[in-house]
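Engineer: Here's a structure for you.
The values are calculated or read from the model by the stated rules, or taken from the named source; none is laboratory data. The shown structure was predicted, so the numbers you read here are calculated from the model rather than taken from an experiment. Note that each Cβ is placed from the backbone with ideal geometry, even for glycine, and that neighbours are counted across all protein chains shown.
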Amino acid sequence: MLGKGRSRMSETILKLDNVAKIYGHTIRAVDGVSFDIKAGETLALVGESGCGKSTVARMVLGLTGLTKGGIEFDGVDISGLSQKALRSVRRELQFVFQDPYSSLDPRMTAGDIVTEPMVVHGMIRGPKQRSSVAGQLLEAVGLSARHIGQRPRQFSGGQRQRLGIIRAFALSPKLIVADEPVSALDVSIRSQVINILQDLQQEKGTAYLFISHDMPTVRHIADRVAVMYLGKIMEIAPKEQFFSAPHHPYSQALLSAVPASHPRRRRQRILLPGDPPSPAAIPTGCRFHPRCPMAQDICRVEEPPARALGDGHIAACHFAAPWPIQIPAAPHAEFA
């Protein structure tokens with residue numbers, strides 16, 4: 001029922017152009033974010049809690065309005081669409097929630113949960129067809145038809161997240177926004193869920209906007225990485241470039257905090273002073289300068305533009321330079 005996968009293509013499936021979300025004229029939760037995602041690609045959006053990652057996700061999904069900027073999905077400007085108009089778009093644009101415990105209706109059975117999107121869009125009719133399709137969907141994520149009549153409380157956390165994933169894939173979307181999809185799961189279960197996400201992506205050719213703060217997971221699943229700090233993109237780079245030679249001091253600090261998988265791979269830890277400023281009181285110049293170990297006078301007065309560094313690598317820093325640091329992927333056993 002899931003159908004054949006799409007081949008990887010070069011066209012842009014999602015494009016954000018100078019997107020901003022300002023609350024009460026002063027709180028700049030998202031402040032001029034621009035990036036794109038190609039068909040079949042995984043872009044990981046990373047950063048500290050409160051940096052604006054989830055707000056970006058909500059704007060992409062049409063759950064939060066934009067203050068300025070534009071969002072194009074599959075060539076269509078969706079930033080000003082009504083909820084009614086967005087309904088047809090959501091067939092191609094789905095979401096995997098962070099919390100598998102609260103994202104499923106406790107009154108519905110597993111079979112009804114995974115087939116509900118198809119019923120809403122008129123793709124299946126009648127209880128017999130719905131039951132047959134539900135069994136196929138459940139089996140696609142390692143469950144079985146015998147789970148059709150069970151309710152969410154009868155499943156483990158990992159099984160509930162599998163229900164959420166296959167519910168998102170039921171409509172064969174072109175893009176799935178996954179907001180911290182494994183952070184609420186035990187470490188032993190995370191690898192299973194990540195493998196399911198990758199297997200379904202390979203089968204369907206679906207693109208991911210993958211929001212996370214877990215660098216080993218990002219290292220495993222991403223094609224490109226975008227780093228946010230205080231509502232703005234600090235760096236975007238292909239995965240291998242980002243993990244081997246991050247150019248922005250904030251990216252370097254994030255990666256230095258990742259525990260080494262072997263004592264011989266220990267890295268010098270970069271300890272940033274203080275906490276991120278409030279989005280209601282963003283510093284002048286570079287918003288990272290109060291915590292940056294490389295800050296100079298120009299950083300305090302002039303906001304750095306996003307500089308193209310070649311091969312799709314971009315960094316918003318006056319003194320962007322590579323730092324030779326090796327961040328290994330999570331151990332093989334964890335993602336077996």
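Engineer: Surrounded by 15 or more Cβ atoms within 10 Å (Cβ to Cβ), of a type outside the set (Gly, Ala, Ser), in contact (Cβ under 8 Å) with a residue 40 or more places away in the chain and assigned to a loop (DSSP other than H, G, I, E, B): does that describe residue 104? It would help to see each step written out before you state the result.
Structural biologist: On the way: surrounded by 15 or more Cβ atoms within 10 Å (Cβ to Cβ): yes; of a type outside the set (Gly, Ala, Ser): yes; in contact (Cβ under 8 Å) with a residue 40 or more places away in the chain: yes; assigned to a loop (DSSP other than H, G, I, E, B): yes.
So residue 104 fits the description; yes.
Engineer: Shifting gears a bit: Give the number of residues within region 174-205 that are within 18 Å of residue 60 (Cα to Cα), modelled with pLDDT under 95 and in a loop (DSSP other than H, G, I, E, B). Write out each step before concluding.
Structural biologist: Filtering region 174-205 down to residues within 18 Å of residue 60 (Cα to Cα) leaves 174-181.
Subsequent filtering for residues that are modelled with pLDDT under 95 retains 179-181.
Checking the rest, the ones that are also in a loop (DSSP other than H, G, I, E, B) come to 180-181.
Matching residues across region 174-205 total 2.
Engineer: Here is a follow-up. When you look at residue 226, is it out of contact with any His (no Cβ under 9 Å at 6 or more places or on another chain), under 18 Å from residue 36 (Cα atoms), outside any loop (DSSP other than H, G, I, E, B) and of a type in the set (Gly, Ala, Ser), yes or no? It would help to see each step written out before you state the result.
Structural biologist: Details: out of contact with any His (no Cβ under 9 Å at 6 or more places or on another chain): yes; under 18 Å from residue 36 (Cα atoms): yes; outside any loop (DSSP other than H, G, I, E, B): yes; of a type in the set (Gly, Ala, Ser): yes.
Judged against the criteria, residue 226 is a match.
Engineer: So, residue 241, is that one of a type in the set (S, T, N, Q), at pLDDT below 95 and part of a helix (DSSP H, G or I) or not? Steps first, please.
Structural biologist: Details: of a type in the set (S, T, N, Q): yes; at pLDDT below 95: yes; part of a helix (DSSP H, G or I): yes.
Here the answer is yes, as residue 241 does meet what is asked.
Engineer: Next up: Could you tell me whether residue 320 is of a type in the set (Gly, Ala, Ser) and part of a loop (DSSP other than H, G, I, E, B)?
Structural biologist: Working: of a type in the set (Gly, Ala, Ser): yes; part of a loop (DSSP other than H, G, I, E, B): yes.
Yes, satisfied.
Engineer: Go through 48, 41 for me and flag whichever is in contact (Cβ under 8 Å) with a residue 40 or more places away in the chain, touching a Pro at 6+ places or on another chain (Cβ under 9 Å) and closer than 19 Å to residue 180 by Cα.
Structural biologist: On the way: 41 fails: touching a Pro at 6+ places or on another chain (Cβ under 9 Å).
Answer to the check: 48.
Engineer: How about region 80-93: which of its residues are assigned to a loop (DSSP other than H, G, I, E, B) and modelled with pLDDT of 90 or more?
Structural biologist: Step one: of region 80-93, the residues assigned to a loop (DSSP other than H, G, I, E, B) are 80-82, 90-92.
Matches in region 80-93: 92 only.
Engineer: Being modelled with pLDDT of 95 or more and on the phi > 0 side of the Ramachandran plot is the filter here, so list the residues in region 36-51 that pass it. Steps first, please.
Structural biologist: In the first step, residues of region 36-51 are kept if they are modelled with pLDDT of 95 or more; the result is 36-46.
Result: 40, single match.
Engineer: Out of all the residues in region 294-315, which are out of contact with any His (no Cβ under 6 Å at 6 or more places or on another chain) and of a type outside the set (A, V, I, L, M, F, W, C)?
Structural biologist: Selection gives 296, 297, 302, 303, 305, 307, 310, 311, 312, 313.
Engineer: Between 330, 260, 308, 281, which is modelled with pLDDT under 80, farther than 19 Å from residue 222 by Cβ and not in a helix (DSSP H, G or I)?
Structural biologist: Values: 330 fails: farther than 19 Å from residue 222 by Cβ; 308 fails: modelled with pLDDT under 80; 281 fails: modelled with pLDDT under 80.
Selected residue: 260, the only one of 330, 260, 308, 281 that is modelled with pLDDT under 80, farther than 19 Å from residue 222 by Cβ and not in a helix (DSSP H, G or I).
Engineer: Would you point out which residue out of 56, 19 is under 14 Å from residue 279 (Cβ atoms), at pLDDT 95 or above and hydrophobic (A, V, I, L, M, F, W, C)? Give the derivation first.
Structural biologist: On the way: 19 fails: under 14 Å from residue 279 (Cβ atoms).
Just one listed residue meets the conditions, 56.
Engineer: Specify which of the listed residues (42, 55) is among the hydroxyl-bearing types (Ser, Thr, Tyr), farther than 20 Å from residue 246 by Cα and in contact with a strand residue (DSSP E or B) (Cβ under 8 Å, 6 or more places away or on another chain).
Structural biologist: Working: 42 fails: farther than 20 Å from residue 246 by Cα.
Testing whether each residue is among the hydroxyl-bearing types (Ser, Thr, Tyr), farther than 20 Å from residue 246 by Cα and in contact with a strand residue (DSSP E or B) (Cβ under 8 Å, 6 or more places away or on another chain) leaves just 55.
Engineer: Just checking, which of 279, 322, 290, 283 is crowded, with 16+ Cβ neighbours inside 10 Å and over 23 Å from the mean Cα position of the chain (by Cα)? Show your work before the answer.
Structural biologist: Working: 279 fails: over 23 Å from the mean Cα position of the chain (by Cα); 322 fails: crowded, with 16+ Cβ neighbours inside 10 Å; 283 fails: crowded, with 16+ Cβ neighbours inside 10 Å.
Result of the check over 279, 322, 290, 283: 290.
Engineer: Residue check: is residue 137 assigned to a loop (DSSP other than H, G, I, E, B), within 26 Å of residue 212 (Cβ to Cβ) and in contact with a helix residue (DSSP H, G or I) (Cβ under 9 Å, 6 or more places away or on another chain)? I'd like the intermediate steps shown before the answer.
Structural biologist: Numbers: assigned to a loop (DSSP other than H, G, I, E, B): no; within 26 Å of residue 212 (Cβ to Cβ): yes; in contact with a helix residue (DSSP H, G or I) (Cβ under 9 Å, 6 or more places away or on another chain): yes.
Judged against the criteria, residue 137 is not a match.
Engineer: Also: Given the residues 153, 224, which is the only one that is among the basic types (Lys, Arg) and more than 13 Å from the chain's Cα centre (by Cα)? Please lay out each step first, then the result.
Structural biologist: On the way: 224 fails: more than 13 Å from the chain's Cα centre (by Cα).
Criteria check complete, one pass: 153.
Engineer: Would you point out the residue of region 193-234, among those that are free of Cβ contacts under 8 Å to residues at least 40 places away in the same chain and surrounded by fewer than 20 Cβ atoms within 10 Å (Cβ to Cβ), that is farthest from residue 249 (Cα to Cα)?
Structural biologist: Residue satisfying both the conditions and the ranking: 199.
Engineer: What pairs can you find where one residue is in region 275-301 and in contact (Cβ under 8 Å) with a residue 40 or more places away in the chain, the other is among the charged types (D, E, K, R) and not in a loop (DSSP other than H, G, I, E, B), and their Cβ atoms are less than 8 Å apart, with a gap of 6+ or different chains?
Structural biologist: 276/291; 279/28; 279/31; 280/28; 282/28; 282/31; 287/232
Engineer: Quick check on my filter: what residues within region 131-145 are within 15 Å of residue 203 (Cα to Cα) and buried (at least 20 other Cβ atoms within 10 Å of the Cβ)?
Structural biologist: Answer for region 131-145, where residues must be within 15 Å of residue 203 (Cα to Cα) and buried (at least 20 other Cβ atoms within 10 Å of the Cβ): 137, 140, 141.
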